[in-house]
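Here the structure is laid out as structure tokens; the discussion comes afterwards.
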Amino acid sequence: YMDRMAGLVMQHGGVVDDYFGDAIKANFGVPVARTDELAIKEDARQAVRCALAMGSALETMNRDWAAAGLPRISMRVGIATGMVVAGCLGSAQRMKFTTLGDIVNTAARLETYGKDDPSVTSEDSICRVLISEETARCIGDGFIVAAVGSLKLKGKETQVNVFRVEAERTARKVAE
């Protein structure tokens, strides 16, 4: 599972930052800072595409595991777009590259929000992707998203407008 998911992060231009438990922390738009609005938007689109690809991969893995008599699993993804502090952190004995900041915390809170709430995550959902309003703005109309609402996330003083990504739009109208 971890090998497949980490591979998808890298295929979509992301950097695996950390593993904790069964979670993966991935960053897009690092280690070189993105200041160009088009590049920032593309990073957001790649992060969302990666999350959807992870969901598709998990569907395949679940079928294989079911055939072997193993239980089905699901996953949650939280994506927030904005400024972070990126760099090496640690001590002389152990140093690692990571990202810090409010946006990182927002993404983590989106991932954990309402994990048992059917209004946020349906029972049969294999991969739930929640995104911040800024991410929704950055990805534009290339994805099908549904407004979840203005939510009070743990550790946040103000509510956050949250959206759920359903799919990438594949059929685009061509101008005649």
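Looking at the stretch 64-176, none of the strands (runs of 3 or more DSSP E) lying wholly inside it contains 3 or more residues that are modelled with pLDDT under 90 and touching a Ser or Thr at 6+ places or on another chain (Cβ under 7 Å).
Taken over the stretch 91-111, the residue count meeting the criterion of being over 20 Å from Arg34 (Cβ atoms) and open to solvent by less than 60 Å² (accessible area, probe 1.4 Å) is 5. Do we find that Thr81 is surrounded by 19 or more Cβ atoms within 10 Å (Cβ to Cβ), in contact with a strand residue (DSSP E or B) (Cβ under 9 Å, 6 or more places away or on another chain) and hydroxyl-bearing (Ser, Thr, Tyr) in this structure? So Thr81 fits the description; yes. Taken residue by residue, the stretch 7-16 has at least one member that is of a type outside the set (A, V, I, L, M), in contact (Cβ under 8 Å) with a residue 40 or more places away in the chain, over 18 Å from Val104 (Cα atoms) and not in a helix (DSSP H, G or I). Within the stretch 43-56, residues that are more than 18 Å from Ile126 (Cβ to Cβ) sit with their Cβ atoms under 9 Å from residues that are aliphatic (A, V, I, L, M) and open to solvent by 30 Å² or more (accessible area, probe 1.4 Å), at 6+ positions apart or across chains, in these pairs: Ala47/Ala26.
One line per residue, one yes/no per condition, for (1) within 16 Å of the chain's Cα centre (by Cα); (2) open to solvent by 50 Å² or more (accessible area, probe 1.4 Å); (3) within 23 Å of Met2 (Cβ to Cβ):
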| site | (1), (2), (3) |
| --- | --- |
| Met61 | no, no, yes |
| Asp64 | no, yes, yes |
| Gly114 | yes, no, no |
| Val145 | yes, yes, no |
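The values are calculated or read from the model by the stated rules, or taken from the named source; none is laboratory data. Remember, predicted model here, so these are calculated numbers, not experimental data. Here Cβ is always computed from backbone atoms with ideal geometry, including for glycine, and neighbour counts include all displayed protein chains. Side chains are part of the model used for accessible areas, which takes the heavy atoms of the whole protein and leaves out ligands, DNA and RNA. Shrake-Rupley method; radii C 1.70, N 1.55, O 1.52, S 1.80 Å.
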